[in-house]
Amino acid sequence: MCSTEPNKKPFERLPNSVVPINYDITIKPDLVKFVFSGHEKITIQVKEATQTIKLNYREIVISLQDLVVSYGSKKIGIDKVDYDVEKETATLSFKECLPVGEAVLDLKFDGIVNDRLKGFYRSKYTGPDGKLRNCGVTQFEATEARSAFPCWDEPAIKASFDITFVLPADSKDIGLSNMSVLSDSIVDSNRIIKFNRSPIMSTYLVAFVIGEFDYLETKSECGVKIRVYTPIGKSEQGRFAMEVAAKALDYYKEYFQIAYPLDKMDLIAVPDFECGAMENWGLVTYRETCLLVDPKNTSTARKQYIAIIVAHELAHQWFGNLVTMEWWTHLWLNEGFATFMEYLCVDKLFPNFEIWNQFISDVYLEAMELDGLDNSHPIEIAVGHPSEVDEIFDDISYAKGASVIRMLYNYLGDDTFRKGMNMYLTRHSYKNTLTEDLWSSLEEASSKPVQAIMSTWTKQKGFPVISVSTISSSESSRLIKLTQEKYSLTGKLTNEEKNSLWSIPLTAVSKMSNGKLVIDTLFDTREKELTLNIKSNEWVKLNTSAIGTYRVRYDSEMLNQILPEISSLPPLDRVALLSDLYALVQAGKQSAVDLIKLMAVFKGERHYSVWSVLSLIMGKLNHLFSGTEIQEPFKRFGRSLINAEVFPFIGWTPKPDEPYLNTLLRTLIIHRLVVFDDPDVIQNCLKMFQDHVDGKEAIPADIRSSTYRAVASRADQSMDSLLKLYRQSDFTEEKNRIADSLGYVKNPELIKQTLQFSMSDEVRSQDLIFVVRSVALNPIGREMAWQFFKDNREKFISIYGHGALMCRLVKSVTENFISLEHANELEKYFLENNILGAERTVQQSIETIRQNAAFLERNRVQLKAYFDSL
Ligand code: BES
Ligand code: ZN
């Protein structure tokens, strides 16, 4: 990352000579002119006598008029305000020194209700009269509270909040904030809504919404009033999320043995939204597609994701809101932990989802994919300026964070983990923590060296690969040798990396052990020898159920003992063998032909979790092979593998009472066959689509995405039929599904139209990226999507600023290239046209492209020969 260091913006933390105790904030928005005025009375503690107060601000103007600090009746007036635009701070200098003590800072300010999906922003919706209107919404994480009101915008500077809205007297809008309404009345021809005082909390968790919504309401068993706010006329679509929320709140209360401290929990679907959802205390905001369920239009996978995301945000109410990270370096504490808890909770609420089986493909492998790159970063990473914060909301903080917690959870056991969690949350309630604080509570609860183990996972980038070989074996025992080394895609380790060691909770089962562990130890040295009581002809499988975030490389004798019996292993062990081999092939330690041969062994496989990893690998290989002579033979290989058993088994139509994972399997398999251009499947999709648009028979929501993609890939002259469906639907999930399929058209003229469409008024800026991404995923569209990005670069920056969405866009248009020429081109382009806050993303894309090119180079000839021999 050295090349991008010079781009770092200067940064320093706020001084702590003056801190806030309570913010009394009045906001008067004008949702026609898109401006607001605000008035703050901040109770402050002056800890050291000073003549200045420094706080954060962004894009607001602080008024000098009446700006005072009062100590009772004594008032000290303002002299001047100095703004530092780069550092996003305002320094208020007073006419006299502010003595130590409690005082009230009184200031007025003006701002813009922007359209950047951040801070205090506007979101467009169709009102009950069919006319377009705007609601006002906030999104403050990570550092945007400062653009709605001047504040000490750091997670560790907690205070309580009293929020008040001033609306026009005739306003029929609903006003929401973190707390319940204290009063709603007309005063001096204004409508004044006052909310109750909040607990002590961080600024990034403050939220407010003003607009027209419908809602459903229930009460959780623990007595919390739960409401789901939806677009007008669509309250029923909030029912599923409401039920999940009620159960999840009860679950967490029981699990942590700590009550949810507020009397209400609102969940609201916002038409324009930057991320998926945001955990504001008591008022969680969501994208519509992450909250609303419509039985006819919502797919099983989407409904499951809604359960996951609701569980995630509610986990934050404890982990994040009640106990907050001290600084963004510890962001992973929030996100990794909530990602782990969402699985624990959903597993309890919906055991039939077998959600832990899905964790591997959805979380664990995503983490290892990114963490294998040299341009990955440690879980704990120093961040300074706000522009660096958004970029670490990535698979390392979320997915690797959750994976290492899952490993620890299994190592400690549920009871101990729970005890430690309760200790941690109780001890640090309404305060802030470092990663070490979590470890020390878990260490106390378990009497195990948690800190020593876990710091090897959170302070080092990457993960180990364990090589295992048999040194000697006899009739009744076997001596094995283990070695650990950092996994590397290039095989080039720096001296520091050569020395890195992990404390690995290591497990293994063997053929005769009946699931009982034959190894259960902590492997924290470079090498280790172990004597196992197993026979020479028995297989041994390390890393049971893929609990550990490491890879295993067996010697060929040991591997050859396991492979013939692979189908008798539990699903996650089958998955682990497959994905470990894939990782070794990526790192050039094994040939891609070995991988294809192993995939062929899964001909009779019917388990969703295994297929989801098979499909993931198939997708990656298909991508790598695109445009080469091995793509067609590979697709043929893939089709015949799927058509041999799993597709005839799962078929097109759901069977009554089929296991839940079979429903997901159907979606997955049909999708894969569409991508692999299976002629019969495509034909059937085209027919189903025709029946769908003719109103004869609706396509089941679970296979609509694949069907639309099939239709788009065959669209020759026009995509009007898809666009017509798009315009007819008023359900965002369905609209997104259609828009995302448009990228797969093959005619360059239609690709151009798709890109233009993505920028039109018909597509919200929150969704635009997904359309561009689908074009970039299409080999024919890739170059056009990149060009489109370059042509519209300034416009994208003006739409998204420098945040999570911009990172996502940059990633989408760059990461799919597969040639060295493209890697070089991107490198040059971004050197000359740096995108602030996306530096690491760009480096990761470039490294991925180089890896892909090297992979192809290494394996192409052998693969061709292998496919020819089939
Ligand atoms: N705290 C995040 C939202 C967030 C993300 C704010 C990035 C600022 C920048 C929230 O809890 C979250 O993690 N949302 C996820 C959903 C989750 C289920 C992975 C999201 O928005 O994708
Ligand atoms: Zn989160």
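Only residues that are more than 16 Å from Gly619 (Cβ to Cβ) and under 32 Å from the mean Cα position of the chain (by Cα) were counted in the stretch 665-680, giving 1.
When Glu342 is tested against (1) closer than 20 Å to His428 by Cβ; (2) within 16 Å of ligand 2 (Cβ to nearest atom), just one condition goes unmet, and that condition is (1).
For the stretch 460-499, the candidate set comprises residues that are among the polar types (S, T, N, Q) and free of Cβ contacts under 8 Å to residues at least 24 places away in the same chain; within that set, the residue that is least open to solvent (accessible area, probe 1.4 Å) is Ser472. With respect to the conditions (1) touching an Asp or Glu at 6+ places or on another chain (Cβ under 6 Å); (2) under 30 Å from Tyr121 (Cβ atoms), Val68 falls short on a single one, namely (2).
For the stretch 161-176, the criterion of being closer than 21 Å to Asn334 by Cβ, outside any loop (DSSP other than H, G, I, E, B) and in contact (Cβ under 8 Å) with a residue 60 or more places away in the chain is satisfied by at least one residue. Could you look through the stretch 390-425, keep only residues that are of a type outside the set (D, E, K, R) and not in a helix (DSSP H, G or I), and pick out the one that is least open to solvent (accessible area, probe 1.4 Å)? The qualifying residue least open to solvent (accessible area, probe 1.4 Å) is Gly413.
What are the residues in the stretch 19-59 that are among the acidic types (Asp, Glu) and under 14 Å from Ala159 (Cβ atoms), if any? Hits for the stretch 19-59 are Asp24, Glu40.
All of Ser760, Ser798, Ser774 fail the test of being surrounded by 16 or more Cβ atoms within 10 Å (Cβ to Cβ) and of a type in the set (Ser, Thr, Tyr), apart from Ser774.
Determine whether the stretch 811-830 contains at least one residue that is in contact with a Lys or Arg (Cβ under 7 Å, 6 or more places away or on another chain), open to solvent by 40 Å² or more (accessible area, probe 1.4 Å) and either touching a residue at least 24 places away in the same chain (Cβ under 8 Å) or not assigned by TED's automatic domain parsing to the domain that holds Ile630 (or both). Within the stretch 811-830 (the criterion being in contact with a Lys or Arg (Cβ under 7 Å, 6 or more places away or on another chain), open to solvent by 40 Å² or more (accessible area, probe 1.4 Å) and either touching a residue at least 24 places away in the same chain (Cβ under 8 Å) or not assigned by TED's automatic domain parsing to the domain that holds Ile630 (or both)), the answer is yes, since at least one residue qualifies.
With respect to the conditions (1) away from ligand 2 (no atom under 16 Å from the Cβ); (2) open to solvent by less than 10 Å² (accessible area, probe 1.4 Å); (3) farther than 25 Å from Lys172 by Cβ, Thr230 lacks only one, and its number is (3). Of the strands (runs of 3 or more DSSP E) that lie entirely inside the stretch 12-125, those containing 3 or more residues that are of a type in the set (A, V, I, L, M) and more than 24 Å from Trp327 (Cβ to Cβ) span 61-71, 74-84, 101-112.
A quick yes/no check of all residues on (1) open to solvent by less than 10 Å² (accessible area, probe 1.4 Å); (2) within 32 Å of the chain's Cα centre (by Cα):
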{"residue": "Leu501", "(1), (2)": "no, yes"}
{"residue": "Ile504", "(1), (2)": "yes, yes"}
{"residue": "Arg551", "(1), (2)": "no, yes"}
{"residue": "Gln561", "(1), (2)": "no, no"}
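For the stretch 291-316, the set of residues classified as within 16 Å of ligand 2 (Cβ to nearest atom) and either closer than 19 Å to Gly336 by Cβ or in contact with a Phe, Trp or Tyr (Cβ under 7 Å, 6 or more places away or on another chain) (or both) consists of Tyr305, Ile306, Ala307, Ile308, Ile309, Val310, Ala311, His312, Glu313, Leu314, Ala315, His316, listed by residue number. For the stretch 243-263, a tally of residues being closer than 24 Å to Leu292 by Cα and either assigned by TED's automatic domain parsing to the domain that holds Thr339 or basic (Lys, Arg) (or both) returns 1. Within the stretch 103-117, restricting attention to residues that are open to solvent by 10 Å² or more (accessible area, probe 1.4 Å) and among the hydrophobic types (A, V, I, L, M, F, W, C), the residue that is farthest from the chain's Cα centre (by Cα) is Val104. Any idea which residue in the stretch 549-604 is nearest to Asn357 (Cα to Cα), counting only those that are in a helix (DSSP H, G or I) and among the polar types (S, T, N, Q)? Going through the qualifying residues, I end up with Ser579.
Just one of the listed residues (Leu686, Leu621) is assigned to a helix (DSSP H, G or I) and open to solvent by less than 40 Å² (accessible area, probe 1.4 Å), namely Leu621.
Remark: Ile193 matches the filter, which requires a residue to be assigned to a strand (DSSP E or B) and modelled with pLDDT of 95 or more. Comparison of Phe273, Phe337, Phe319 shows that the only residue that is away from ligand 2 (no atom under 11 Å from the Cβ) and modelled with pLDDT of 95 or more is Phe273.
Here the condition is being closer than 17 Å to Phe788 by Cα and either out of contact with any strand residue (DSSP E or B) (no Cβ under 6 Å at 6 or more places or on another chain) or surrounded by fewer than 22 Cβ atoms within 10 Å (Cβ to Cβ) (or both); of Tyr726, Tyr744, it holds for Tyr744 alone.
Determine, yes or no, whether Tyr255 is open to solvent by less than 20 Å² (accessible area, probe 1.4 Å), touching a helix residue (DSSP H, G or I) at 6+ places or on another chain (Cβ under 7 Å), farther than 19 Å from Phe359 by Cα and more than 16 Å from ligand 1 (Cβ to nearest atom). Criteria met by Tyr255. The set of residues in the stretch 775-818 being among the small types (Gly, Ala, Ser) and outside any loop (DSSP other than H, G, I, E, B) consists of Ala776, Ala785, Ser798, Ala804, Ser812.
Taken together, the residues in the stretch 180-227 that are open to solvent by 30 Å² or more (accessible area, probe 1.4 Å), of a type in the set (A, V, I, L, M) and closer than 14 Å to Tyr23 by Cα amount to 1.
The lone criterion from (1) surrounded by fewer than 18 Cβ atoms within 10 Å (Cβ to Cβ); (2) within 23 Å of Tyr83 (Cβ to Cβ) left unmet by Gly127 is number (2).
The values are calculated or read from the model by the stated rules, or taken from the named source; none is laboratory data. This is a predicted model, so every value here is computed, not measured. So basically every Cβ, Gly included, is an ideal-geometry build from the backbone, and we count neighbours across all protein chains shown. Areas reflect the complete protein model, heavy atoms only, side chains present, ligands, DNA and RNA absent. Shrake-Rupley method; radii C 1.70, N 1.55, O 1.52, S 1.80 Å.
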